[in-house]
Amino acid sequence: MEGRRIIGIGETILDILFKDGKPVAAVPGGSSFNSIVSIGRTGLPCAFVGYTGADAVGRQTVRFMQENNVGTEYFRVREDEKSAVSLAFLASDGDASYVFYKQPPSMGDDWHLPQLAQGDIMLFGSYYAACRGTRAVIEQMLGMAERNGAIVYYDLNFRRSHQHELQALMPAILGNFGKSTVVRGSADDFEVMYGTRDAEYIYRNHISARCPVFICTAGAGAVTVCTPKGCTSFDVPPVEGVVSTVGAGDNFNAGFTCALVRDGIRREDIATLTQSQWERLVATASLFAAEACRSTDNYVSRDFALGMGLASPT
């Protein structure tokens with residue numbers, strides 16, 4: 001595993017969580033950010049590409065990444081930016097509805113970017129991966145990954161709040177599909193985009209021509225993996241003690257990418273993995289997702305992450 005890095009790119013936001021109308025937690029968040037913090041806690045080499053405001057929230061965010069072993073050399077603190085904030089209102093089952101307070105994403109094409117190498121993993125997704133303000137940097141990273149043989153893991157994470165922009169965003173989303181090694185999305189994402197939750201239909205009609213590997217999650221339901229060999233569903237063990245599902249999908253991504261490094265799987269291997277290999281990858285990803293659901297944090301606990309033994313040579 002030595003030398004392989006996982007590079008996240010995305011937004012940062014302070015998530016303020018409410019339950020029964022009262023604030024119960026305030027934690028740094030963001031889709032890829034949540035993933036990379038959990039990865040950092042395992043001890044695997046990682047870094048994050050993004051930015052925040054030069055204010056108290058921004059300074060806290062940078063400290064938090066550094067405390068969790070996430071490289072910040074490609075992260076900017078900007079004087080012209082106000083740090084983003086979201087309010088997450090938790091229902092009794094831990095699901096959340098959101099209100100966001102943030103400026104439109106914007107990154108120039110002069111960003112200091114990591115050099116992705118063969119075996120590295122680029123982890124990205126959400127609105128940030130498709131909007132105009134960040135497109136130049138995303139395309140640079142995707143081009144570098146393709147040239148150098150890095151794995152590209154794309155989490156669609158398309159929220160209903162952006163449905164009115166779907167037509168404008170679709171060319172970038174399809175471009176991301178075409179440059180990715182693995183596309184992951186939830187059944188909720190695809191219901192918004194295509195009006196169906198049928199993973200096999202989605203793969204056959206919308207994914208397979210652009211990306212050979214597709215993972216569809218469905219909350220507490222089965223995980224469906226589709227490859228050129230066919231589609232297989234893997235049951236997810238029930239999770240006891242659910243507190244918040246805010247970081248569940250993000251931590252599925254964290255566990256999956258960590259498991260790719262642990263198992264020595266590289267870009268050229270993924271389309272031909274065996275069912276037992278997929279079972280192992282999905283099991284690890286599901287463990288991470290379940291752990292994140294047991295607290296109001298957006299990431300796995302430090303004890304859990306270190307207990308996975310992912311940073312130890314195999």
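The values are calculated or read from the model by the stated rules, or taken from the named source; none is laboratory data. Computed from a predicted structure; not experimentally measured. FYI the Cβ positions are ideal-geometry reconstructions off the backbone, even for glycines, and counts take in every protein chain you see. Side chains included, ligands, DNA and RNA excluded: accessible areas come from the protein's heavy atoms. Shrake-Rupley method; radii C 1.70, N 1.55, O 1.52, S 1.80 Å.
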| field | Enumeration of residues in the range 14-48 that are surrounded by fewer than 24 Cβ atoms within 10 Å (Cβ to Cβ), of a type outside the set (Gly, Ala, Ser) and assigned to a strand (DSSP E or B) | value | Leu14, Ile16, Leu17, Phe18, Lys19, Lys22, Pro23, Val24, Val27
| task | Six or more apart or on different chains, Cβ under 8 Å: which pairs go from a residue in the range 85-112 that's under 21 Å from Met144 (Cβ atoms) to one that's open to solvent by 80 Å² or more (accessible area, probe 1.4 Å) and assigned to a loop (DSSP other than H, G, I, E, B)? Could you list them? | result | His112/Glu73
| field | Condition broken by Tyr51, with the remaining ones in (1) at pLDDT 95 or above; (2) surrounded by fewer than 17 Cβ atoms within 10 Å (Cβ to Cβ) satisfied | value | (2)
| message | Given the options Ile138, Ile215, name the one that is closer than 23 Å to Ala254 by Cβ, touching a helix residue (DSSP H, G or I) at 6+ places or on another chain (Cβ under 7 Å) and in contact (Cβ under 8 Å) with a residue 40 or more places away in the chain. | response | Ile138
| message | Please go through the range 188-198 and give me each residue that is under 20 Å from the mean Cα position of the chain (by Cα) and surrounded by fewer than 16 Cβ atoms within 10 Å (Cβ to Cβ), ordered by number. | response | Glu191
| query | Which pairs do you get when a residue that is of a type in the set (D, E, K, R), found in the range 152-173, comes within reach of a residue that is surrounded by fewer than 22 Cβ atoms within 10 Å (Cβ to Cβ), reach meaning Cβ atoms under 6 angstrom, with the pair 6+ apart or on two chains? | reply | Arg160/Val192
| query | Would the range 199-206 turn up any residue that is acidic (Asp, Glu), assigned to a loop (DSSP other than H, G, I, E, B) and either open to solvent by 80 Å² or more (accessible area, probe 1.4 Å) or in contact (Cβ under 8 Å) with a residue 40 or more places away in the chain (or both)? | reply | no
| field | Complete set of residues in the range 200-232 that are of a type in the set (A, V, I, L, M, F, W, C) and over 22 Å from Gly175 (Cβ atoms) | value | Ala218, Ala220, Ala222, Val223, Val225, Cys231
| task | Identify the single condition in (1) more than 23 Å from Leu44 (Cβ to Cβ); (2) β-branched (Val, Ile, Thr); (3) open to solvent by less than 20 Å² (accessible area, probe 1.4 Å) that Ile270 does not satisfy, given that it satisfies every other one. | result | (1)
| Filter the range 218-249 for residues that are more than 17 Å from Ser180 (Cα to Cα), open to solvent by less than 30 Å² (accessible area, probe 1.4 Å) and touching a residue at least 40 places away in the same chain (Cβ under 8 Å); which is farthest from the chain's Cα centre (by Cα)? | Phe234
| said: Which count do you get for residues in the range 278-299 that are of a type in the set (S, T, N, Q) and either open to solvent by 50 Å² or more (accessible area, probe 1.4 Å) or not in a loop (DSSP other than H, G, I, E, B) (or both)? | reply: 2
| request: State all residues of the range 74-84 that are in a strand (DSSP E or B) and either in contact with a Lys or Arg (Cβ under 7 Å, 6 or more places away or on another chain) or in contact (Cβ under 8 Å) with a residue 60 or more places away in the chain (or both); if no residue qualifies, say none. | output: Ala84
